[in-house]
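Down below is the structure, laid out as structure tokens.
The values are calculated or read from the model by the stated rules, or taken from the named source; none is laboratory data. These numbers were taken from a predicted model, which means no experiment stands behind them. Cβ sites come from the backbone with ideal geometry, for glycine too, and all protein chains shown count toward neighbours. Just the protein is used for accessible areas: all its heavy atoms, side chains included, with ligands, DNA and RNA removed. Shrake-Rupley method; radii C 1.70, N 1.55, O 1.52, S 1.80 Å.
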Amino acid sequence: MKKYTELKQYLFVVRQLVAREIKRKYSRSYLGILWSVLNPLLNMVVLSFIFTKMFSRSIENYPLYLLTGQTIWQLFTGATNAAMTVMVDNRVMLTRVKFPMMIFPVARVYSALVNYLYTFVAYLLMLLVFRIRPGLTMLAAPAVILCVTLFSMGIGCLLAVAYVFFADIKYLYTVLLSLWMYCSAIFYPVEQLPEMIGRVIEANPVYNYIACMRSVMLYASWPTASQWLRMLLWAAAMYLFGYLVFRKSQNRIMQTV
């Protein structure tokens with residue numbers, strides 16, 4: 001009974017932190033949360049205009065192909081970037097309130113997930129606009145999103161620890177994300193690349209999540225067994241590794257922030 005009560009209290013704290021984070025993010029914006037919807041759509045329009053002539057012949061419904069990759073990428077980058085600075089941003093609460101430190105990165109990643117879900121609503125409307133028929137394979141989308149979230153949580157925990165002791169990690173991670181984005185095949189087909197480069201990109205876990213999301217949402221195709229295995233293993237392994245490192249570093253974090 002006591003553990004159940006504590007769990008309810010922790011969930012309440014997470015909800016409050018998420019609400020505070022979303023209000024802070026859009027506090028000076030007239031459109032507020034609508035930017036979570038408009039931003040990927042505007043990016044899709046611009047990039048589609050640039051790349052459609054290059055890839056429209058080889059990729060059906062290229063704007064949706066692009067939007068699917070963009071939204072998964074933004075979930076990943078939004079969650080990891082937000083989790084990175086969470087311990088430093090909440091240094092005052094760390095010393096005044098007693099609850100598990102893991103709540104802080106969880107709240108940041110959950111905030112990114114909430115933003116993604118608003119975007120996902122707009123994404124579903126775009127599917128209707130492009131006349132993509134609903135299919136059973138779309139039921140696998142929540143599993144893909146969950147795997148992306150857990151994978152992001154693991155990396156977010158690692159970044160949160162690193163940022164406490166080495167603030168320059170924020171700039172290094174920005175450079176890494178630029179390289180990572182181009183290796184995730186967001187706006188181009190892997191099939192058109194040389195075989196060796198294609199294999200490198202296929203080994204990228206973020207690309208695997210994007211490819212699976214495209215399969216279930218756009219092409220009415222279930223992910224292959226190897227894709228499922230990679231999705232689950234990357235999500236579970238990265239989450240577990242990040243959690244263990246974060247848990248082991250808690251005392252040092254408290255002494256440093």
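Among the residues of the range 208-229, those identified as assigned to a helix (DSSP H, G or I), out of contact with any Phe, Trp or Tyr (no Cβ under 9 Å at 6 or more places or on another chain) and crowded, with 18+ Cβ neighbours inside 10 Å are A211, M213. Applying the selection to the range 100-115, what residues are without any contact (Cβ under 8 Å) to a residue 60 or more places away in the chain and of a type outside the set (A, V, I, L, M, F, W, C)? Passing the criteria: none in range. Only helices (runs of 4 or more DSSP H) whose full extent lies in the range 31-130 are considered here, and the ones with at least 3 residues that are of a type in the set (A, V, I, L, M, F, W, C) and at pLDDT 85 or above are 62-84, 86-89, 103-129. Applying the criterion of being open to solvent by 70 Å² or more (accessible area, probe 1.4 Å) and of a type in the set (V, I, T) to the residues of the range 100-129, the residue that is nearest to C157 (Cα to Cα) is V121. Listed by first and then second residue, the pairs linking a residue in the range 231-257 that is over 28 Å from V216 (Cα atoms) to a residue that is among the charged types (D, E, K, R) and assigned to a helix (DSSP H, G or I), with Cβ atoms under 6 Å apart and 6 or more places separating them unless they lie on different chains, are V257/R91.
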